[in-house]
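In what follows, a structure is listed as structure tokens, so that the remarks can point back to it.
The values are calculated or read from the model by the stated rules, or taken from the named source; none is laboratory data. Since this is a predicted model, take the numbers as computed values, not measurements. Neighbour counts are summed over all protein chains in view; Cβ atoms, including those assigned to glycine, are modelled from backbone coordinates with ideal geometry. Surface areas here come from the heavy atoms of the whole protein model, side chains and all, with no ligands, DNA or RNA. Shrake-Rupley method; radii C 1.70, N 1.55, O 1.52, S 1.80 Å.
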Amino acid sequence: MTKIAKLTLDDGRTIDLPVIEGSEHEKAIDITKLRAQTGYVTLDSGYMNTGACTSKITFLDGENGILRYRGYDIAELCEKSSFLEVSYLLIYGELPTADEFKAFRAKIRNHSLIHEDMKNFFNNYPGQTHPMAILSSMVCSLSAYYPGLLESDQSPEDRDATITRILSKVRVLAAFAYKRSIGQAFVYPKNSLNYVANFLNMMFEVPAEDYEIDPVAQRAMELLLILHADHEQNCSTSTVRLVGSSKANLFASISSGICALWGPLHGGANQEVLEMLEDIHKDGGDYKKFLDMAKDKNNPFKLMGFGHRVYKNFDPRAKIIKKACDDLLAKWGINDPLLEIAKGLEEAALKDPYFVERKLYPNVDFYSGIIYRAMGIPTNMFTVMFAIGRLPGWIAQWKEMVEDPAMKIGRPRQIYTGETSRTYSPIERRG
Ligand code: SDX
């Protein structure tokens, strides 16, 4: 029996609106017919209370710090799975059988190269170009080499071909952008290496020496990429869905997601956190001063890596990354003063009424940069790492949407508050 919510309007009318309940008992009022029935729309700045879709991909419970991909808890996936297997799970809905994974991995391996002409694109960017600008334009530029994969109503085979090409080549585009920024020769992908090892090799091998892939670094990278792989309807994923809802191809939709992720309030926060920790360190390490700045309403400074729209308790990813930080830096014998500052900042904030009242906790970006830095990845590449991790989630969400026969182009409404009708006056009479 359909549950209903009753809405009584300011003119006395009352309408029934269906209530829908998800598999985790989340409830929503379905307002699909609200405007047709009443002429009213809803207004919800930042979509804080608005569900854009139903989805079977990722479940977040912000109050209890739960994050599951297709029903699997991320802590278990971090411990037992690999980033490529989690990518398959997110995109196709189930963990692959051995044969399915073998076929998927073969497609990824056999489609890692980019067209040789694309190398020239990298050389025409100014040296200080942010790698997120390069990554977003390069992903969109891939479409130039696959004219047959731009059809809006793709066959499943073509959709899979598009998916595996972007998933495989994003590593090459990211590594080439990094190599270009440090003036080193590009390192090509090696089919003998698995997904993450191949990326690390493209990033760090130099022609003059043999690069030994550190299994500890590889495992840490797997963990970080798994933790970033999806996060339901966040800003960049919602961007990918909105762009894809116009039937734009996957290259264009992902490119737009990369741009949305770049923002410092979103994926760009991991770079901002490191820069904030470095500022605190340079300033003598007095993090309480920065905590006070973050609380000062007259100061635009925010404690980067803290707070979250959904998590009003701990971000489960931050907990896992913080432990990995401790383990890795101990294993590598690195004593990073920024980690001590981060821990002191967290401890002080979690006791401070300003943060406690607003339920502000460390999020996924607070500790991740310390691991990337320990691996030798430069700060301006941190958000690129986030994008590589989030790519399977963006793809899965786009695929779920385009395969929905009821898909409609996203087109929010508004409430107009500007000038009412007025007539044009010639310039000489405007005073
Ligand atoms: C990601 O959505 C996702 O799932 C995103 C993500 C993913 O995996 O896709 O999890 C990845 O983007 C993580 C968030 C990374 N961003 C940062 O770390 C930037 C710093 N954090 C803030 O900018 C903020 O917390 C947001 C953007 C994350 C959330 O903002 P909201 O939900 O719009 O909350 P808000 O800005 O309205 O804050 C509520 C209150 C305000 O104070 P009051 O007006 O109530 O007095 O909390 C304060 C804010 O000023 N506040 C902070 C703060 N975050 C919120 N004050 C100081 N420092 C902060 N970091």
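Taking the inverse of the average 1/r across all pairs of different Cα atoms in the stretch 67-220, what Kirkwood radius in Å do you get?
After inverting the mean inverse Cα-Cα distance, the result is 17.0 Å.
If ligands, DNA and RNA are left out, what is the accessible area of T423 with a 1.4 Å probe, given in Å² to the nearest 10?
130 Å²
Suppose a student asked you for the relative contact order of the stretch 51-176, using Cα pairs under 8 Å spaced at least 6 residues apart; what percent would you report? Spell out each step's value before the answer.
On the way: 79 pairs, mean separation 26.1, N = 126.
The normalised contact order for the stretch 51-176 reaches 21 percent.
Give me the Kirkwood hydrodynamic radius of the stretch 269-374 in Å, from all C-alpha pairs, to one decimal place?
Values: mean 1/r = 0.0722 Å⁻¹.
Hydrodynamic radius (Kirkwood, Cα pairs) of the stretch 269-374 is 13.9 Å.
For the stretch 142-213, what relative contact order do you get, as a whole percent, if you take Cα pairs closer than 8 Å and at least 6 residues apart?
Values: 48 pairs, mean separation 15.7, N = 72.
Relative contact order, the stretch 142-213: 22 percent.
Would you mind estimating how fast the stretch 1-133 diffuses translationally, via Stokes-Einstein at 25 °C and 0.890 mPa s with the Kirkwood radius over Cα pairs, in µm²/s? Don't jump to the answer; show the numbers that get you there.
Values: Rh = 20.1 Å.
My calculation gives 122 µm²/s for D.
I'd like the distance separating the alpha-carbon centroids of the stretch 400-422 and the stretch 106-173, in whole Å.
30 Å
Over the chain, what is the relative contact order in whole percent, taking alpha-carbon pairs under 8 Å and six or more residues apart? Don't skip to the end; give the middle numbers.
Details: 549 pairs, mean separation 83.8, N = 431.
It rounds to 19 percent for the chain.
Inverting the mean 1/r over all pairs of different Cα atoms, compute the Kirkwood radius of the stretch 3-63 and quote it in Å.
On the way: mean 1/r = 0.0747 Å⁻¹.
Taking every pair of different Cα atoms in the stretch 3-63, averaging 1/r and inverting gives 13.4 Å.
For H228, H25, give the ranking by accessible area with the largest first, probe 1.4 Å. Kindly include the intermediate steps, with their values, before the conclusion.
Working: H228 0, H25 135 Å².
Correct descending sequence by accessible area is H25, H228.
Can you give me the C-alpha center-to-center distance between the stretch 1-31 and the stretch 182-254, rounded to a whole angstrom?
Answer, in whole Å: 42.
Report the full-extension gain for the segment N110 to I409: residue separation times 0.36 nm, less the Cα-Cα distance, to one decimal in nm. Show your work: numbers first, answer last.
Working: separation 299, 0.36 × 299 = 107.64 nm, distance 3.42 nm.
Length gained between N110 and I409: 104.2 nm.
Can you give the accessible area of K27, probe radius 1.4 Å, in Å² rounded to 10?
The accessible area comes out at roughly 130 Å².
As an exercise, use a Förster radius of 25 Å and the Cβ-Cβ distance of L7 and T54 to find the FRET efficiency, rounded to the nearest 0.05.
Numbers: r = 21 Å, r/R0 = 0.84.
The computed FRET efficiency comes out at 0.75.
So how do S246, S87 rank on accessible area, 1.4 Å probe, biggest first, that is with the largest at the start?
Greatest to least solvent exposure: S246, S87.
Treating cross-link reach as a plain straight distance, find the lysines whose alpha-carbon is under 22 Å from the alpha-carbon of K399, omitting any fewer than eight places away in the same chain.
K56, K102, K107, K169, K247, K408
When the expected Rg is taken as 2.2 N^0.38 Å, what fraction or multiple of it is the alpha-carbon Rg of the chain? It would help to have the intermediate numbers written out before the result.
On the way: Rg = 23.6 Å, N = 431, 2.2 N^0.38 = 22.1 Å.
Scaled against compact globular proteins, the figure is 1.07.
Ignoring everything but the protein chains, give the 1.4 Å probe accessible area of I334 in square angstrom, nearest 10.
70 Å²
Ignoring everything except DSSP H segments at least 4 long, calculate the 222 nm mean residue ellipticity for the chain; use -39,500 (n - 2.57) per segment, divide by total residues, nearest 500. Write out the running numbers ahead of the final one.
Working: 18 runs with 214 residues, N = 431.
Dividing the helical sum by the residues of the chain leaves -15500 deg cm²/dmol.
Under a crude label model (7 Å from the Cα following the beta-carbon direction), how far is A103 from K323 in nanometres?
If labels sit at A103 and K323, their model points lie 3.6 nm apart.
Let me see the pair-distance distribution of the stretch 369-416: every alpha carbon pair, 10 Å bin width, integer percents in order.
Result returned by the calculation: 21, 27, 23, 20, 9, 0.
Working with all protein chains in place, sort D279, D44, D30, D99 by solvent-accessible area computed with a 1.4 Å probe, largest first.
Numbers: D279 75, D44 30, D30 55, D99 120 Å².
Reading off the accessible areas and sorting them downward yields D99, D279, D30, D44.
Please check: in the Gaussian network model of the chain (C-alpha springs, under 10 Å), which one of V240, V384, V19 has the largest mean-square fluctuation.
Per the Cα network of the chain with a 10 Å cutoff, V19 tops the list.
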